[in-house]
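First up is the structure itself, then whatever we jot down about it.
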Amino acid sequence: MRIHYFIAGAANMYCGSCLRDNALAAELIAQGHQVLLLPLYTPIRTDEPDVSQHHIFFGGLSVYLEQRVPWLRRGPRFLDKLWDSFPLLQILSRLSIRTDPHSLGALTVSILRGEEGNQRREFEKLLEWLVTQPRPDVVVLPFSLLIGLAAPLKRALGCAVCCSLQGEDLYLDGLDEPYRSQSLELIRRQIPSVDAFLPVCDYYATFMRGYLGLPGEKIHVTPLGINLRGYPESPRPPGGPFRLGYLARVTPEKNLHTLAAAYAHLRNENRLPPSRLQVAGYLAPDCRSYLREVQLQMRGAGLESEFEYRGELTRAEKIAFLRELHVFSVPGSYPDPKGLSVLEAMACGVPVVQPRHGAHPEMLARTGGGLLFEPGNVTALAGAIESLWKDAQLATSLGRAGFEGTRRHYSISDVAARAAEVYARVASAASAALSAPVRSADRMS
């Protein structure tokens, strides 16, 4: 099968969606499919081999300038080669790029307006390039924020268009009005141009069906998967002092402060012996003050020496970090439909403690790899962590279950095979619809 798969670069950040989409594309290629992984905005950053093209579409600088400087929407094409050059975008992606929805409302609406928006020129450049490539059987968009591409792609390529759904409601709900309402209306208006929507979990399938008003017959769950190469071949409980771990973006909505509060609660009540709270993950410049607040929180509890921020990790460093842990938790405040790092922890045999919302209940129901607690409840979180410290047999049992469950349900090879089946069904249905004879009543109208 020939697949054009779009992926949205997140500048210099390790992004769960980028990691997932790159891994899925790489596995589809390994299984014999012809995949073009096409980056939008910036080059992608991944901790596995990057299989994306070195041709950036909707270059972040071009998109921004066309929004801010009207004459550039009709400027000479030679300027585009400068703005869209791969080396320049690589340099810019290392700088601090704001992705705060509060500052990007007008740009979001413009992109969703498709060819009628300020980035019409980007649509033209993309379509001009795509028609020089072999025609795909299916095109996959990374999220509904790019649904404005659906109709132009279907018109130009005459193939099925799928749209992944992997957490964009958090961004949309962060938009100021009237941009939030306008964005939702533009997305809903363009639903007929999409042949299938591909949420990454059952929870998100149900949620987005109501949130966007999606028809149920167009929804096909294509779950997360992880590449297990380099992961341990058997679970092994770590030795040494108790280590509680966190691996995610360091940002308020991921609730590192809640995890720190639960840890301090246990330590100050002598319910844990001297231990470690070990943290890793991307830290945006505008979140440095948040990390400092957490560090001060730990200092105020007299536990500064037991807190460690490791920064960003390579793939090998990430696996080694996870294997050191006794318990893992990212107690986010919002219902996360992904939780990639939770899968990675379980794949290392680490029991997890996660809030009872988003994808976590179904993830733990399938794997049996951890405990759930009521979101935002520090006491409940502390109690779950303590139970795993006190009951080594329970911790070992959950760790082994998660280790085996991730391999049974979330292996990238199985997930890619399932995704390919969905793409094939959707492509076949779209092809049949396009080739169906036009009824006489339709011709007369």
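All of the numbers you see were taken from the coordinates with simple rules; none came from a lab. None of the values given here were measured: they were computed from a predicted structure. We place every Cβ from the backbone using ideal geometry, glycine too, and count neighbours over all the protein chains shown.
Dipole magnitude of region 334-391 about its Cα centre, charges +1 at Lys/Arg Cβ and -1 at Asp/Glu Cβ only, in debye to the nearest 20? Don't skip to the answer; put the middle values down first.
Working: 4 positive and 6 negative charges, 14 e Å.
The dipole of region 334-391 has a size of about 60 debye.
For the chain, take the convex hull of the Cα atoms, compute a quarter of its surface area, and give me that in nm², please. Intermediate results must be reported in sequence, preceding the final value.
Values: hull surface 89.6 nm².
If I average the Cα hull's projected area over directions, I get 22.4 nm².
Using packing as a proxy for protection, rank 33-45, 345-357, 188-200 so that the peptide with the highest average count of other Cβ atoms within 10 Å comes first. Walk me through the numbers on the way to the answer.
Values: 33-45: 21.9, 345-357: 26.2, 188-200: 20.1.
Top of the packing list down: 345-357, 33-45, 188-200.
Sort the following peptides by mean Cβ neighbour count (other Cβ atoms within 10 Å, averaged over residues), highest first: 368-379, 281-292. All intermediate terms of the calculation are to be shown ahead of the outcome.
Working: 368-379: 18.7, 281-292: 14.9.
Output ranking for 368-379, 281-292: 368-379, 281-292.
Test of understanding: what is the full-extension gain from Ala365 to Gln31, defined as 0.36 nm times their sequence separation minus their Cα-Cα distance? Before the final figure, lay out the partial values.
Working: separation 334, 0.36 × 334 = 120.24 nm, distance 2.87 nm.
Fully extending the segment from Ala365 to Gln31 adds 117.4 nm.
Could you check the simple spin-label distance between Thr314 and Ala432, using points 7 Å along Cα→Cβ, in nm with one decimal?
Those two pseudo-labels are separated by 5.0 nm.
Treat every Asp and Glu Cβ in region 243-409 as -1 and every Lys and Arg Cβ as +1, leave all other atoms uncharged, and give the resulting dipole magnitude about the Cα centre to the nearest 20 debye. Numbers along the way, then the final one.
Values: 20 positive and 17 negative charges, 66 e Å.
That gives a dipole near 320 debye.
Please find the FRET efficiency linking Glu233 to Asn377, where r is the Cβ-Cβ separation and R0 is fixed at 30 Å, and quote it to the nearest 0.05.
So the FRET efficiency works out to roughly 0.25.
Using the crude model of +1 on Lys and Arg Cβ and -1 on Asp and Glu Cβ, and no other charge, please compute the dipole size for the chain relative to its Cα centre, in debye to 20. Don't skip to the end; give the middle numbers.
Working: 48 positive and 45 negative charges, 110 e Å.
That gives a dipole near 520 debye.
Measure of size requested: the Rg and Dmax of region 243-409, with Cα atoms as the atom set and Å as the unit; please supply both.
Values for region 243-409 (Cα only, Rg and Dmax): 14.6, 43 Å.
Compare the peptides 264-272, 418-426 by average per-residue count of other Cβ atoms within 10 angstrom and give them in order, highest first. Present the calculation step by step, with values, prior to reporting the outcome.
Details: 264-272: 16.2, 418-426: 19.0.
Order by mean packing, descending: 418-426, 264-272.
In the chain, which whole DSSP H runs stretch at least 20 Å along their own axis (Cα) and average -0.5 or higher on the Kyte-Doolittle scale? List each step's numbers first, then the result.
Working: long enough: 16-30 (21 Å, 0.63); 392-409 (25 Å, -0.63); 412-435 (34 Å, 0.77).
Flagged H segments are 16-30, 412-435.
At a Förster distance of 60 Å, what's the computed FRET efficiency of Ala156 paired with Glu304, Cβ-Cβ distance as r, to 0.05? Could you put the intermediate results ahead of the total?
Working: r = 58 Å, r/R0 = 0.97.
About 0.55, to the nearest 0.05.
Counting only helical runs of four or more DSSP H residues, what would the 222 nm mean residue ellipticity of the chain come to if each run contributes -39,500 (n - 2.57) and the total is spread over all its residues?
Numbers: 19 runs with 205 residues, N = 445.
Counting only the DSSP helices, I get -14000 deg cm²/dmol.
Beyond 21 Å, what percent of the Cα pairs of region 137-201 remain? Kindly include the intermediate steps, with their values, before the conclusion.
Details: 476 of 2080 pairs.
Summing the P(r) of region 137-201 above 21 Å gives 23 percent of all pairs.
Mind checking which of Ala382, Pro274, Gly240 is farthest towards the positive end of the chain's charge dipole, using Cβ charges of +1 (Lys, Arg) and -1 (Asp, Glu) about the Cα centre?
Looking along the dipole axis, the top candidate is Gly240.
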